[in-house]
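Some notes on the structure that comes next.
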Amino acid sequence: MTDRLAELAERTEAAAKAANLLCDPRPELASRNFRGGAGEEALQGAHLPLHIRALFIGRYPVLLGLLPDAPDVALVREAVRRYRNQGVVARSYLPTEQALDLQLWLQGPPGSDVDAEWRALALAVERDDRVARKLVWLPPAALEERDAAFTAFIGRSFLARPWKALPPQPAGQLDRLSAVVAVATDLNITPEVLDVWLKLAADDDYEDGPPLVDALIEAWPELEP
């Protein structure tokens, strides 16, 4: 179990580094001692998870934990209840603005990615937004497949950087768009009309010819009879 948690922590730290974010351990968030307030007796000992790690990634506090080895609904619910309690403990050490950003990342057993029961349970866990936002990683059994699987998992988190994968926009296309906007401005064509024209030009339902011309004219109220 601890090996699985170490793997999750190492992958998370590597992902944070790739995003140029500081990743610092915060052991107090994984403490077994609730800091003040009523109900402290319910947040100690048997009510907390055995395996837990806590990090600060940028401004986000993140708790890392493990789900049971079997897709048993009762066992998973109990595990999530304990981690949710740990989230309450963690929040007792955080100011309000940081407590609102608390995340709980849970890892399933190897091979759970292809198990229908595990996928259903993971969705149920993630829908539970009490105390902290929850994300579940279901890793493949094969080690060589886990890098890609974890990358997909990170793509659902605040560490995602989708703009890095966007293809560069050719300067020529941007120049042509700038020229169109400039001409429209000179002719007193409103931005609303220009927006409609650009959508019509990109619409596959219109072919070059009279139908497209008629649609362009209808979009310019000043030319209507």
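In the range 5-25, the residues that are open to solvent by 80 Å² or more (accessible area, probe 1.4 Å) reach residues that are assigned to a helix (DSSP H, G or I) with C-beta atoms within less than 8 angstrom, at least six apart or across chains, in these pairs: LEU22/ALA16. Taken together, GLN98, GLN44 contain a single residue that is at pLDDT below 95 and more than 22 Å from the chain's Cα centre (by Cα), which is GLN44.
The values are calculated or read from the model by the stated rules, or taken from the named source; none is laboratory data. Note that the structure is predicted; figures quoted are calculated from it, not measured. Note that we place each Cβ from the backbone using ideal geometry, even for glycine, and neighbour counts take in every protein chain shown. Only protein heavy atoms, including side chains, enter the accessible area calculation; ligands, DNA and RNA are left aside. Shrake-Rupley method; radii C 1.70, N 1.55, O 1.52, S 1.80 Å.
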